[in-house]
Structures are given as structure tokens and as C-alpha cells.
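Enquirer: Please see the structure below; I have some questions.
The values are calculated or read from the model by the stated rules, or taken from the named source; none is laboratory data. What you see is a predicted model, and the numbers here were worked out from it, not measured in a lab. With ideal geometry, Cβ positions are generated from the backbone for all residues, glycine too; neighbour counts draw on all protein chains shown. Remember, those area values only see protein heavy atoms, side chains included, never the ligands or the DNA or RNA. Shrake-Rupley method; radii C 1.70, N 1.55, O 1.52, S 1.80 Å.
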Amino acid sequence: MQVYVVHRLFQALFVCLGISLITFLLLHVVGNPVLLLLPQDASDADVALLKEKLGLARPLWAQYLSFLSDAARGDFGQSLFTQESALGLILERMPATLELTLAGMIVGLGIAIPLGVISAIRRGSLTDRLCTVGAVAGQAMPIFWLGIMLIILFAVKFRVLPASGRGTLWHLILPAITLGAYLAPLTMRLTRSGMLDVLTQDYIRTARAKGVAERVLLFKHALRNAAIPIVTILGVQFGRLLGGAVVTETVFAWPGVASLAVKAIRTYDYPVVQGAVVLLALLIVVANLLTDIAITYLDPRIRLGKAHG
Amino acid sequence: MGSLRRLRFLAVGASIVLLAVLCAVLAPWLAPHDPYLQAVSVRLIPPVWDAGGTWRHPLGTDPLGRDLLSRIIYGAQVSISAGALAVLVAMTLGVLMGLLAGYYGGGVDAIISNLVNVMLAFPFLLLALAAIAVVGPSFGNMIVVLGVTGWPVYTRVVRAETLKYREREFVQAARALGLGSSRIIWAHVLPNLVNTIIVMASLEVARMIILESFLSFLGLGIQPPIPSWGAMLGEGRVYMLTHWWLAAFPGLAIFVTTLGINLFGDGLRDVLDPHRVLTAAAARTE
């Protein structure tokens, strides 16, 4: 167990290095911040001056190393426009993003897990079929469209909920539904198949044969074992959830990290882009790490070799 | 009973996909108006069933007086070609990497697998957005970016499958007969993976269409005045408080198309490989 955790920690560290390298290469090698910052008719002297000022005249490896050591200390540089610390700007908006993702997760899982379990128990029933159709349709739904339709319906037509911004619980409802709708279909399908797997196991049949009440059977025997696939799903979905948050924050003008990043991407405020991408990716790495550790805890059979074989 | 229902899904999906492809190919003949034709006199006309609507513009017109139905029909060209091309790039890259990692193992596998882990840890959308912002928004750049960021999904599955086949007797036999590695990969391993790859790719087309739409929605994809569903939805969003149809119909077009592709892909999976329903679904979670 400890060996496994240490191994996973090293792996996570490696992933973090890779993330920083790709982000750095993308912004510094593929793109050229200087040319984008200066007007098109800027002289070569201006370009050289700005390069010097931003520390972009040094060799690439030196730039990467200083980027890395700065990033490790949480310093991603200053926003090119507001001159504020990029990390400060990002952290300031982190609570909003976490609030939204948490709310989206509650809505998504609140719909998906009960429906997935019911579909599995009543396999082939009308409920199961409706859920399947709903999940297929939900998976095809572009959530930025769903968000806009919800705004048109509830903010414009019925005037019962605010269309954008953050503040009260009312502001959270539409974004949370949008994000939840993104999360729910796949989670439901995976919960259903995870539950079906468990329900066909021998120990369930044994329990049923010895007369264990159906309710006890489901909650004590089946659901507890279905928890492993469900936790796995949760971890894997976290990355998707953040992707969904990018879309949701943009549609609802939600003042979170993702909408900050999108804005920074548009204005080529690369310290902020860098910081936001690296920090969000870090969140995903940590979530995946915690999931893997949680699974090991839930299922002692899973060990390094088996888990990654 | 279940399989019959699945076949029905497949048929419905195939019909929707066919319809979208027909729209794309036959757009010049199907569209009632020129999608670029502006006419201030008929700007912001509501759909035909709303007060003030007219059969001349069944789905209404946009702020420049362009016919929405015609633009949606033409929009199929962009979405379908972008989705298909992005998948082609991502699939080629991903399958190649997966074959290499799975077949050769060792150092090659370590490098590729770690790269996959890194790529999958990225918030995919942010990575694509940042890349587009760096290289500049255009159709070609978008395809490259979606392709280059979308390959790890294939690599993961193809690697796992290749690992399995590498140890099978027929591959061992080919090796014993002295066949070269590349020949074994192309002639003996890859053909066994074709079904899996086709199913994944068909489902990925839907994901790529949604991503393309979102990029265009943000103004980072297809540039105006080219009619693309995402860009139209983005324009419509500005008017959503007063003119709902501008955002509603382009989004509906995206939804119906991706739904058709998903139904088709799911059905295809059951037909081609009924045993892999679970693994493929798990792979799609990224």
C-alpha cells in the first residue's frame, strides 16, 4: 500500500513536470508573446527591448528553468494588463470555480447515481429504458447551448432566475444544472453497468438464496461494492467536470478561474493563462491521485501490478 | 429484444447522420436563400409560427437579415468536415502511438504512456483554447489543434489491445517465421483493432463537433461570415434576451447531429463488438 502510494506520488510529480513543460512550450515556442503585445509596426529595437524586459531574450532552457522554479514557489509572473500577480488573480477566483464544480457535482451525482442504481435493479423496465434514452440524449447535448436555453427559459421568459453572475444561491441554480447535466449521463451509464456487474456476482445470489431481505441486499451488499466503480468514475470525471466548468463559466459569466483563463487566452495574457492551466491541471492530478488512493483503501485486492497491468 | 432495440437506435442514428451529410453536400440546392445574402429590410424576422414570421424565412433571419435556415443547412458543411478531419488527425496519431507503445513496450511505451498521462491530466478544453489562441483562429489550425490534443484517448485503448495481441499465438508465429515488426503490426495486429477503432472514432466525431462549435462559439474557431453552428450560436447569444431563435436553432442542429452520431456509434459498437460495451464506455470518460 505505501509503496503504491509513493509510486503514484512520483508518477503525479512526473505528470506535473510534463504539464509545465507542454504549457511552457506552447506559449513560448509555438507562440510569440512579444509580437502579440506590440503593435504590428513596432521596430526591431522595440521588440528587443520588450523581450529583454520580459526575460524572453535568454535561452529557452533557462527560461523554462526559471519558470519552473518560480512556479514551484507559486509565482507565475504578473498579468500583462493589470500588473497584478497571476497567482493572486487565479486564487481570488478559485472559490467561485470550486463552488460551481461542487454544486454541479451534487446536481449531477444526485441525478445520476440514484437513476443508475434504479436502472440496474429494474433492468429492462420502462424506467431503465427512459433513463438510457435520456442518457444518450444528454451525452449529445452541447452544454453551452443547454445553458443558453435555460437562460432564455428561466431568466427571460419566466423571469424567475438570474441570467448571469454570482452572489446568491439563485445565481447558482442554472449554472449548477448545466454542469450537472454535463456530468450526469455518463455517470449514470457507468453507475448502471457497475451496479449490474455487482448484482450478477455469486455472493449476491448466495445472499438472496439464504433469504436476505432485498433492501438489505441492495444497500448492504450491492451498493457498498458498487462504491468502487462509482469512486473511480468520480475521480475520472473530475477532469471532465473542470472542462464543463470552462463552458459553464463562459456562458453564465461566472467569475471563476476558467472564465478568467478564457479571457486571458483571448487577450494573450500569458502569465495568467500559464498559471490557470497549470493550476487547473494540478487540481486534476491531485483528484486522480486521491481517487487511486481511495480505491486502494476501498478494495484491498487492488495493488500496483493489478491496478496498472 | 435488447439487440433489436439497439438496431433501431443504429437505424435512427444512421438516418440522422445521413441527413446531416446530405445537408452538407446538397446545401447549394437545399438552402432556400444565399447564406451570405444580407438584407436590412428583413432583419430579425422571427420563425414562421411566431407573430410576424413568414414562410419566406421559416426559421427567421439574423441581425443582418440573413436567412437562418439557409445558414444552418450550410453550417452542416463546416461541422461535419471539421469533426471528421479532426478525428482523422487524432485517430492517425493516437493509433500509431498506441501500436508503438503496445508492441515495443519498454522505453517507447514508458515515454508514450507518460505523455498520455500528462495529456489526459490537462483540462482538454483549456489546452485546445490556449493552442488556438497561440496559432491563431482558422479552420486548418483548429483541425490541427483538435487532432493534436485529441489523440490520447485512442492511444490508451490501442495500446491495451496491442499488448493483448502481442502475446497471441498468431503473432508469435509470425515472429517465428521471421516477419519484421512493422509488417506484424500492420498485417497482424492492426486488422484486429479495426472494429474498436472505428467505434471509438465514430463517437469521437460527435465530441469533436461539439468542441469545434464551442471554439467557434467563443470566436476562436470558424470566423465570420462563414456559417458555422457554433459561431451562429455565439452571435445568437448576444441577442438571447430579445431574439431567442438565433441561439436556439443552431444549437438544436448541433444537438441533433451529435445525437445521431452517438446513436450510430453506440449501435455500431453493439453490432461490431457486443462484448466491449463496458471497456469502450470507460475509455470515453478520458
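Enquirer: I'm trying to understand the selection: among the residues of segment A:205-256, which are within 14 Å of chain B (Cβ to nearest Cβ) and on the phi > 0 side of the Ramachandran plot?
Expert: Passing the criteria: only A:A253.
Enquirer: Further question on the same structure: Looking at (1) away from chain B (no Cβ under 14 Å); (2) surrounded by 16 or more Cβ atoms within 10 Å (Cβ to Cβ); (3) without any contact (Cβ under 8 Å) to a residue 60 or more places away in the chain, which is the only condition A:G18 fails?
Expert: It fails just one condition, (1).
Enquirer: Specify which of the listed residues (B:G265, B:G251, B:G236, B:G219) is within 18 Å of B:F139 (Cβ to Cβ) and either touching a residue at least 40 places away in the same chain (Cβ under 8 Å) or buried (at least 23 other Cβ atoms within 10 Å of the Cβ) (or both).
Expert: Result of the check over B:G265, B:G251, B:G236, B:G219: B:G219.
Enquirer: Let me ask something additional. Does segment A:8-15 include one or more residues that are in contact (Cβ under 8 Å) with a residue 24 or more places away in the chain, open to solvent by less than 60 Å² (accessible area, probe 1.4 Å) and not β-branched (V, I, T)?
Expert: Yes, segment A:8-15 contains a residue that is in contact (Cβ under 8 Å) with a residue 24 or more places away in the chain, open to solvent by less than 60 Å² (accessible area, probe 1.4 Å) and not β-branched (V, I, T).
Enquirer: Would you mind telling me which numbered condition in (1) open to solvent by 30 Å² or more (accessible area, probe 1.4 Å); (2) within 29 Å of B:T149 (Cα to Cα); (3) more than 14 Å from chain B (Cβ to nearest Cβ) A:N32 fails?
Expert: Failing condition for A:N32: (3).
Enquirer: Against the condition touching a helix residue (DSSP H, G or I) at 6+ places or on another chain (Cβ under 8 Å), farther than 16 Å from B:F249 by Cβ and either touching a residue at least 40 places away in the same chain (Cβ under 8 Å) or more than 14 Å from every other protein chain (Cβ to nearest Cβ) (or both), how does B:V21 come out, does it pass?
Expert: Yes, satisfied.
Enquirer: Scan A:I284, A:I230 and give me the residue that is within 21 Å of A:G74 (Cα to Cα) and among the aliphatic types (A, V, I, L, M).
Expert: A:I284 is the lone residue from the list that is within 21 Å of A:G74 (Cα to Cα) and among the aliphatic types (A, V, I, L, M).
Enquirer: Can you name every one of the helices (runs of 4 or more DSSP H) wholly within segment B:109-166 that holds 2 or more residues which are open to solvent by 40 Å² or more (accessible area, probe 1.4 Å)? I'd like the intermediate steps shown before the answer.
Expert: Values: elements: B:124-135, B:139-150, B:152-166.
In segment B:109-166, B:139-150, B:152-166 are the helices (runs of 4 or more DSSP H) which contain 2 or more residues that are open to solvent by 40 Å² or more (accessible area, probe 1.4 Å).
Enquirer: Just to be sure, is A:E84 more than 14 Å from every other protein chain (Cβ to nearest Cβ), more than 24 Å from the chain's Cα centre (by Cα), at pLDDT 85 or above and closer than 16 Å to A:D269 by Cβ?
Expert: Against the criterion (more than 14 Å from every other protein chain (Cβ to nearest Cβ), more than 24 Å from the chain's Cα centre (by Cα), at pLDDT 85 or above and closer than 16 Å to A:D269 by Cβ), A:E84 qualifies.
Enquirer: Any chance you could count how many residues in segment B:64-86 are among the aliphatic types (A, V, I, L, M) and either outside any helix (DSSP H, G or I) or open to solvent by 10 Å² or more (accessible area, probe 1.4 Å) (or both)?
Expert: Result for segment B:64-86: 8.
Residues are listed down the side, and each one gets a yes or a no for (1) closer than 30 Å to B:W244 by Cβ; (2) buried (at least 21 other Cβ atoms within 10 Å of the Cβ); (3) out of contact with any Leu (no Cβ under 6 Å at 6 or more places or on another chain):
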| residue | (1), (2), (3) |
| --- | --- |
| A:R122 | no, no, yes |
| A:S164 | yes, no, yes |
| A:L169 | yes, no, yes |
| A:I177 | yes, yes, yes |
| A:A209 | no, no, yes |
| A:A213 | no, no, yes |
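Enquirer: A further question follows. For B:A11, which of the numbered conditions (1) among the aliphatic types (A, V, I, L, M); (2) under 20 Å from B:N195 (Cα atoms); (3) at pLDDT 95 or above fails to hold?
Expert: (3)
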